[in-house]
Amino acid sequence: MTDKDPVESALGARVGDDVADAVLTKVLRYSNLPNTVKGMSKSDPAPDVEAAALAIVDDPALAEELGLEPVADEGGLGPSEYLWGLLALAARADVGVLDRVEDRWGDQDYAHRLIATLRRTAARRAAAPPAAARPTPAAPDSPQKLSEVKAWLGAHADPDPAALAPYPGQKAAAKAAAVRALGTIGTPQALAVLGRYAADEYPDKVLEELHRAWGNFDRRDFAATMFGGSGHLDLHLAPTIEGIGAVAGLKSLDVILTDGADLSPLAECTDLYTLRVGAEGDPGLLGVEPLLGLPKLTELHLTRTTHNADLTPLARCGVRSLRLSLDGADGAFLLDMPRLQALDLSDEAARPETSDVLIALVRKGIRVVVHNHERDSFPRLLEATEDSSDVFGVTENGKIGFTNDESKLQDLQRKLFYNVLP
């Protein structure tokens, strides 16, 4: 960086200009906000820098003066990358700062998910013993990789699930093997041991084994045991979410459903405010009616295969932000959605009238985003940016964003850059 901005000056006054420049330059090297919080959380210990970051972000007046105050406007994400980098450092000095700043974001799920990441990192750091004190990994009588599970079960006619419990120094491959073995045993005692592996998020291999095991237990008991966590759940690829209603306080869910996207199990998840569903293959999405009874649902993604579902009931859905694969369907229902503020639409087979629907949405003040590689599907929408005085567009990060307020183009471009639903 060449010219000092207010953040660099404030940090430099506490730790010196050279250190401040190095810290903020590192922050700017990350390509997105999740990488920023993860990377800065793993920085080498620097108590002086961490204390300085805490002093800045923990003071609402100073943070606002420096342009670091979170802005919960119109369902978007307001804070700069500097704030997230400094917040990650501040949490190393005092994790309580996360509680003190979180309310400033209102119901912005993206921000709460980043803060949840910072909390998990802080919890792992606090739980880890000093390097010199870490115990030597045990050599338990349990399978250490997936290829050993079948033989291990064959050698133990009546296996004691306790032999598969987690232990200090256990490697990821051994965890996946233990989960597979416990899932194969499938008894209530095995589920009790599985519960000791419960976490806010799982490595891919472990999550694959959890999906494999889910149907071997009572699905509700399993979901409540393994997916309670922080209220933010990413299931990755799953054949079904049957039983998910037993997860108390589920606030956000990400899942790609591979065996028909049946959303009926979500009817019980009345605390959901963010839902991201990818409907993989045929038949894809089966219907949207179960979503109409979720009073807190604010952000909704329905992507991939949706052409077998009737999407028109979404006209009665109160979400503010919608990412949707329209799949050639009539999109007129979008005009009737009562609280819609932002739409990210994908539709390679768009009807000619879909452009007119999108133009009408933009003129209503709804921010609309389409994918640049699908621009030919919305010719009249693109023409409207040239022929009218109330439709403006900006291209960034493979997408084109549209607004009826030219003064908001820069903010819209920023959101596209960070891949935040505008």
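Residue count for region 352-396 satisfying the condition of being free of Cβ contacts under 8 Å to residues at least 40 places away in the same chain, within 13 Å of Leu334 (Cα to Cα), in contact with a Phe, Trp or Tyr (Cβ under 8 Å, 6 or more places away or on another chain) and of a type outside the set (Ser, Thr, Tyr): 1. Looking only at residues of region 290-324 that are over 25 Å from Tyr110 (Cα atoms) and out of contact with any Phe, Trp or Tyr (no Cβ under 9 Å at 6 or more places or on another chain), we find that the one that is least open to solvent (accessible area, probe 1.4 Å) is Ala309.
In region 250-274, the residues that are within 12 Å of Gly293 (Cβ to Cβ) reach residues that are open to solvent by less than 10 Å² (accessible area, probe 1.4 Å) and part of a strand (DSSP E or B) with C-beta atoms within less than 8 angstrom, at least six apart or across chains, in these pairs: Leu263/Val277; Leu263/Leu285; Leu266/Leu253; Leu266/Leu275; Cys269/Leu253; Leu272/Ser252; Leu272/Leu253.
Among the conditions (1) closer than 22 Å to Glu50 by Cα; (2) surrounded by 18 or more Cβ atoms within 10 Å (Cβ to Cβ); (3) modelled with pLDDT under 75, Leu87 misses just one, which is (3).
Just one of the listed residues (Asp58, Asp48) is within 19 Å of Arg119 (Cβ to Cβ), of a type in the set (Asp, Glu) and either modelled with pLDDT of 85 or more or not assigned by the TED database to the domain that holds Ala123 (or both), and it is Asp58. Pick from region 163-192 the residues that are of a type in the set (S, T, N, Q) and part of a helix (DSSP H, G or I): which of them is farthest from the chain's Cα centre (by Cα)? Selected residue: Gln189.
The set of residues from region 387-410 being in contact with a strand residue (DSSP E or B) (Cβ under 9 Å, 6 or more places away or on another chain), in a helix (DSSP H, G or I) and open to solvent by 60 Å² or more (accessible area, probe 1.4 Å) comprises Glu406, Lys408, Gln410.
Residues checked against (1) part of a helix (DSSP H, G or I); (2) surrounded by 15 or more Cβ atoms within 10 Å (Cβ to Cβ):
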residue	(1), (2)
Asp141	no, no
Leu194	yes, yes
Tyr202	no, yes
Val206	yes, yes
Asn216	no, yes
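For region 337-365, filtering for residues that are over 24 Å from Asp271 (Cα atoms) and either in contact with a Gly (Cβ under 6 Å, 6 or more places away or on another chain) or part of a helix (DSSP H, G or I) (or both) leaves 13.
Considering only region 239-248, I want to know if a residue exists there that is surrounded by 18 or more Cβ atoms within 10 Å (Cβ to Cβ) and closer than 18 Å to Leu324 by Cβ. No; the residues of region 239-248 include none that is surrounded by 18 or more Cβ atoms within 10 Å (Cβ to Cβ) and closer than 18 Å to Leu324 by Cβ.
The values are calculated or read from the model by the stated rules, or taken from the named source; none is laboratory data. Just so you know, these numbers come straight off a predicted model, no measurement behind them. A quick note on method: Cβ atoms are made from the backbone with ideal geometry, for glycine too, and the neighbour counts reach across all protein chains shown. Calculation scope for accessible area: heavy atoms of the full protein, side chains included, ligands and nucleic acids excluded. Shrake-Rupley method; radii C 1.70, N 1.55, O 1.52, S 1.80 Å.
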